[in-house]
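The values are calculated or read from the model by the stated rules, or taken from the named source; none is laboratory data. Values in this document were obtained by computation on a predicted structure and should not be read as measured data. When we count neighbours, we look across all protein chains shown, and the Cβ atoms used for this are built from the backbone with ideal geometry, even at glycine. In case anyone asks, the SASA skips ligands and DNA or RNA and just uses the protein heavy atoms, side chains included. Shrake-Rupley method; radii C 1.70, N 1.55, O 1.52, S 1.80 Å.
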Amino acid sequence: MATKLLVVQVAALGWDLVNDLVGFRPAEAFFPAVTCCAQAGFRTASLPREHGMVANGTRVPDLRKVLFWEQSSALVSGERIWSRYRAAGHKVGMMFWQQSLGDEELDLVFSPAPIHMHSGGMIQDCYAKPEGLAGRLTEQVGRPFNLMHYWGPVASSKSSAWITDATCALMGDSQFAPDLLFSYVPHLDYDLQRRGPGSPRAGKALEFTLECIGRLKREAEERGYEWLFYGDYAIQPVTGAVFPNRRLREAGLLQTRQIKQMLYADLFSSPAFAMVDHQIAHVYCRDARAAASAREALTGLPGIESILDRREQAALGMDHPRGGDLLLVAEVGKWFAYPWWTERKQAPDFATHVDIHNKPGYDPCELFFGWPPPSVSMDTARIRGSHGRPGDSVGWSTSLEFAAQPGSMLEVAQLTKGWLDSHS
């Protein structure tokens, strides 16, 4: 009986995409149904109230700053599902998962970590441990990882192809192969957001996703690994964006600074601000009065399905100090965009760049070129797919034999922990 396990998160593998395929089963997605929350939920088998990842971004109150896609493992609280397994002497590796750097309980890490130059541009690089891992994978795959294929206007299936090649190579590497390996297949997400889940491009992306899953499964079985593949969220078609920060600015709650003709958010003096992330948004408020004013301002804004205070968020497992004073959930077919300005000339300089760390909200428009290239689009009408709402159903498949039939990804994670514990 195998004591090794491969776990692969497949971006955007909704149940609607695989419900007619043998071997896949449905499960309710983690909420919020976004990348970092799904990964934190799986690695801890817990909800945001315990692990603390309430979105792909986080607000740092003392700095009055919003940070997206930060990589420190300290952002994720709680015991890891592999803690006992690793303590028993098994090696654990993680490739291309968020929040994997730092004091995580890992023996192997591989994660994109580019250097952004002051003069503009980027030096592509990946963070890797132990020493020698990056060179070995680049040699075995035959090419370095290209971050441009991972996010931005030219993001494509080439990212998944490289990660699949590297994951297969790693499982067969006598020096580096871990006993438990977490990996990622990202590309299905790109064309579903660009074109919508029912588009021909989405169909082709799904075909290649299934090819990657099939290859990883075969390699795992050949190398003596059990396997588990799961979707983190399901993308639904959308027809328009909602702009909560524009409404907050109109109400005098979001303050801005005009620099030349550009408007920058002044989070130091703003009574309220919305940190948007796909189909959810956390509204952070200075005090109870500001929260009441923000609720009043946002009530009736077309495209918002619900405005939840902290008590109401508790019912969704979202009662964590990092969460907003208010949580917005978009209506079906809508998503939240971060801009607070209304005229193109008012856009901050980062708006037309792939700048995931400076934008105080998720921006899917970075998947499209703007004019002139290589700037990125600011046209929110181009987005055709989004995710994040509660109740998403995702697809998952495994070679493990669980004692119970899980109905949610939280339960899948808990059962996976049980399997790891039993092999400790």
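Roughly how many Å is it from the Cα centre of the stretch 32-67 to that of the stretch 337-398, as a whole number?
Here the two parts' Cα centres lie 19 Å apart.
Rounded to the nearest angstrom and ordered from largest down, what semi-axes does the equivalent ellipsoid of the stretch 97-178 get from its C-alpha gyration tensor (root of 5λ)? Walk me through the intermediate numbers first.
On the way: eigenvalues 96, 54, 27 Å².
Taking √(5λ) for each Cα gyration eigenvalue gives 22, 16, 12 Å.
Rg and Dmax in Å for the stretch 347-402, alpha carbons only: what are they?
Radius of gyration, then largest Cα-Cα span, for the stretch 347-402: 16.8, 53 Å.
At 1.4 Å probe size, with the rest of the protein present, what percent of the exposed accessible area of the stretch 1-114 is carbon and sulfur atoms?
Values: 1930 of 3900 Å².
Roughly 50 percent, rounded to a whole number.
Would you look at the GNM of the chain, springs on alpha carbons closer than 10 Å, and say which of Gly388, Gly14, Gly198 moves the most?
With Cα springs under 10 Å in the chain, the top fluctuation among Gly388, Gly14, Gly198 is at Gly198.
At 1.567 mPa s and 4 °C, plugging the Kirkwood radius over alpha-carbon pairs of the stretch 198-336 into Stokes-Einstein gives what diffusion coefficient in µm²/s?
Estimated diffusion coefficient is 72 µm²/s.
Below 8 Å between Cα atoms, with a sequence gap of 6+, how large is the relative contact order for the stretch 293-377 in percent? Can you show the working numbers first?
Working: 78 pairs, mean separation 17.3, N = 85.
Relative contact order comes out at 20 percent.
Would you kindly calculate the translational diffusion coefficient of the stretch 320-424, applying Stokes-Einstein with the Kirkwood radius from alpha carbon pairs, for 25 °C and a viscosity of 0.890 mPa s, and quote it in µm² s⁻¹ without decimals? Don't jump to the answer; show the numbers that get you there.
Values: Rh = 17.7 Å.
In µm²/s, the coefficient rounds to 138.
Just name one of Ser293, His278, Ala315: the one whose Cα is farthest towards the positive end of the charge dipole of the stretch 268-326 (beta-carbon charges, Lys/Arg +1, Asp/Glu -1).
Going by the Cα projections, it comes out as Ser293.
With all protein chains present and a 1.4 Å probe, how do Glu226, Glu305 order by accessible area, largest first?
Glu305, Glu226
Taking Cα atoms, how many degrees apart are the long axis of helix 288-298 and the longest axis of the chain, rounded to 10 and kept between 0 and 90?
90 degrees
Order Arg84, Arg311, most accessible first, counting only protein heavy atoms with a 1.4 angstrom probe.
Arg311, Arg84
Given a 1.4 angstrom probe, what's the average accessible area per residue across the chain, in square angstrom?
Counting only protein heavy atoms, the per-residue value for the chain is 41 Å².
Suppose a student asked you for the relative contact order of the chain, using Cα pairs under 8 Å spaced at least 6 residues apart; what percent would you report?
Rounded, it is 27 percent for the chain.
When the chain is fully extended, how far beyond the present Cα-Cα distance does Trp371 get from Asp309, taking 0.36 nm per residue of separation?
Stretched fully, the Trp371-Asp309 segment lengthens by 18.3 nm.
In degrees, nearest 10, range 0 to 90: what is the angle between the Cα axis of helix 35-44 and the longest Cα principal axis of the chain?
Helix 35-44 sits at roughly 50 degrees to that axis.
Report the one residue of Leu188, Ile356, Ala177 whose Cα lies farthest in the direction of the positive end of the charge dipole of the chain (charges on C-beta: Lys and Arg +1, Asp and Glu -1; origin at the Cα centre).
The Cα lying farthest towards the positive end belongs to Ile356.
Using only Cα atoms, figure out Rg for the chain and give it as a multiple of 2.2 N^0.38 Å. List each step's numbers first, then the result.
Values: Rg = 21.1 Å, N = 424, 2.2 N^0.38 = 21.9 Å.
Cα-based Rg divided by the globular estimate yields 0.96.
So what's the convex hull volume per residue for the Cα atoms of the stretch 47-129, in Å³?
About 116 Å³ per residue, rounded to a whole number.
Considering the options Gln346, Ser306, Trp335, tell which one lies farthest towards the positive end of the dipole of the stretch 291-413, charges being +1 on Lys and Arg and -1 on Asp and Glu at the Cβ, about the Cα centre.
The Cα lying farthest towards the positive end belongs to Gln346.
Where the accessible area of the stretch 364-415 is counted over protein heavy atoms with a 1.4 Å probe, how much of it, in %, is carbon and sulfur?
Whole-percent figure for carbon plus sulfur exposure: 55.
Please give every one of the lysines within straight-line cross-link reach of Lys217, meaning a C-alpha to C-alpha distance under 27 Å, and leave out same-chain neighbours fewer than 8 residues apart.
By straight Cα distance, Lys217 reaches Lys4, Lys91, Lys129, Lys158, Lys204, Lys417.
How do Leu228, Leu63 stack up against each other in accessible area, from largest to smallest, with a 1.4 angstrom probe?
Putting Leu228, Leu63 in descending order of accessible area: Leu63, Leu228.
With charges only on Cβ, +1 for K and R and -1 for D and E, what is the dipole size of the chain about its Cα centre, in debye, rounded to 20?
940 debye
When N is the residue count of the stretch 155-249, what does its C-alpha Rg come to as a fraction of 2.2 N^0.38 Å? Don't skip to the answer; put the middle values down first.
Values: Rg = 17.3 Å, N = 95, 2.2 N^0.38 = 12.4 Å.
Relative to the rule-of-thumb radius for its length, the stretch 155-249 sits at 1.39.
Mind checking the alpha-carbon convex hull of the stretch 41-188 and giving the volume per residue in Å³?
Cα-based convex hull of the stretch 41-188, divided per residue, equals 140 Å³.
So which lysines can Lys345 reach, going by Cα to Cα under 20 Å and dropping same-chain residues fewer than 8 places off?
Qualifying lysines at Cα under 20 Å: Lys260, Lys359.
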